[in-house]
Amino acid sequence: MTYFAHETAVIDPNCEIGEDTKIWHFSHIMSDCKIGKGCNIGQNVVVSPGVVLGRNVKVQNNVSIYTGVICDDDVFLGPSMVFTNVINPRSAVNRKSEYLKTHVGYGASIGANATIVCGNNIGKFAFIGAGAVVTKEVSDYSLWVGNPAKQIGWMSEFGHRLRFNEEGIAQCEESKEYYKLENNQVSKIK
């Protein structure tokens with residue numbers, strides 16, 4: 001075994017778990033999951049059947065990742081955040097054939113206690129604030145907060161708020177990299 005799993009973790013058959021991944025106390029990795037290299041799965045996490053996590057995904061304590069979720073590399077999932085997989089759940093109605101997919105793009109961060117309603121994709125390097133309830137598509141580099149979540153700005157790849165000048169150019173305060181805002185889309189200037 002090239003990954004670490006705490007003795008209280010439950011890992012079902014047919015899972016692929018990458019090298020140097022750590023799975024902590026009371027977490028349950030269900031069948032047919034694919035978890036990349038170098039991931040960290042915190043305490044009391046459920047990863048439902050068929051979920052795909054890329055490399056270096058950080059999953060904090062008490063997170064629920066339900067069937068239909070795909071996270072690209074370097075995604076951060078904050079404490080107690082949750083994904084849903086059915087838009088109109090009822091206890092007495094079986095809707096397993098209606099699970100909607102949610103894709104979380106490369107480098108995105110989702111804050112503590114946020115909820116991502118199924119079928120709404122999160123763009124690369126997007127930033128979802130703590131407690132936000134996402135009910136629509138989230139574009140690359142965008143910053144969302146509230147319930148329902150609304151976009152309030154843009155973020156750099158290093159997680160800093162971007163302030164654009166009249167020409168639509170902003171600089172990350174930490175990395176010193178430049179970004180361009182054009183047609184309500186942000187891209188990094190190479």
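The values are calculated or read from the model by the stated rules, or taken from the named source; none is laboratory data. These numbers were taken from a predicted model, which means no experiment stands behind them. Cβ atoms come from the backbone with ideal geometry, glycine included; neighbour counts cover every protein chain shown.
Could you tell me which residue of the stretch 152-180 is surrounded by the fewest Cβ atoms within 10 Å (Cβ to Cβ), considering only residues that are of a type in the set (S, T, N, Q) and farther than 20 Å from ALA132 by Cα?
Of the residues in the stretch 152-180, the ones of a type in the set (S, T, N, Q) are 156, 165, 171, 175.
Narrowing the set further to residues that are farther than 20 Å from ALA132 by Cα leaves 165, 171, 175.
Working: ASN165: 9, GLN171: 17, SER175: 13.
It comes out as ASN165.
May I ask you to verify whether ALA132 is in contact with a Ser or Thr (Cβ under 9 Å, 6 or more places away or on another chain), of a type in the set (A, V, I, L, M, F, W, C), over 23 Å from ASN14 (Cα atoms) and surrounded by fewer than 20 Cβ atoms within 10 Å (Cβ to Cβ)? It is false that ALA132 is in contact with a Ser or Thr (Cβ under 9 Å, 6 or more places away or on another chain), of a type in the set (A, V, I, L, M, F, W, C), over 23 Å from ASN14 (Cα atoms) and surrounded by fewer than 20 Cβ atoms within 10 Å (Cβ to Cβ). Here the condition is being farther than 21 Å from PHE125 by Cβ, surrounded by fewer than 18 Cβ atoms within 10 Å (Cβ to Cβ) and of a type outside the set (D, E, K, R); of ASN85, ASN61, ASN40, it holds for ASN61 alone.
Filter the stretch 104-122 down to the residues that are in a loop (DSSP other than H, G, I, E, B) and either closer than 16 Å to CYS39 by Cα or of a type in the set (D, E, K, R) (or both) and list them by number. Of everything in the stretch 104-122, those that are in a loop (DSSP other than H, G, I, E, B) and either closer than 16 Å to CYS39 by Cα or of a type in the set (D, E, K, R) (or both) turn out to be GLY105, TYR106, GLY107, ALA108. Is there a residue in the stretch 92-103 that is assigned to a strand (DSSP E or B) and under 22 Å from VAL47 (Cβ atoms)? Checked against the condition, which is being assigned to a strand (DSSP E or B) and under 22 Å from VAL47 (Cβ atoms), the stretch 92-103 yields at least one hit. In the condition set (1) in the same structural domain as THR102 (by TED's automatic domain parsing); (2) out of contact with any His (no Cβ under 8 Å at 6 or more places or on another chain), GLU167 is compliant with all but (1).
Taking the conditions exactly as written (buried (at least 20 other Cβ atoms within 10 Å of the Cβ) and closer than 23 Å to SER64 by Cβ), does ILE122 satisfy them or not? Judged against the criteria, ILE122 is a match.
Note on the stretch 18-41: residues that are part of a strand (DSSP E or B) and either more than 13 Å from LEU53 (Cα to Cα) or not polar (S, T, N, Q) (or both) total 7.
In this structure, is GLY131 part of a loop (DSSP other than H, G, I, E, B) and within 17 Å of CYS71 (Cβ to Cβ)? Spelling it out, it is not the case that GLY131 is part of a loop (DSSP other than H, G, I, E, B) and within 17 Å of CYS71 (Cβ to Cβ).
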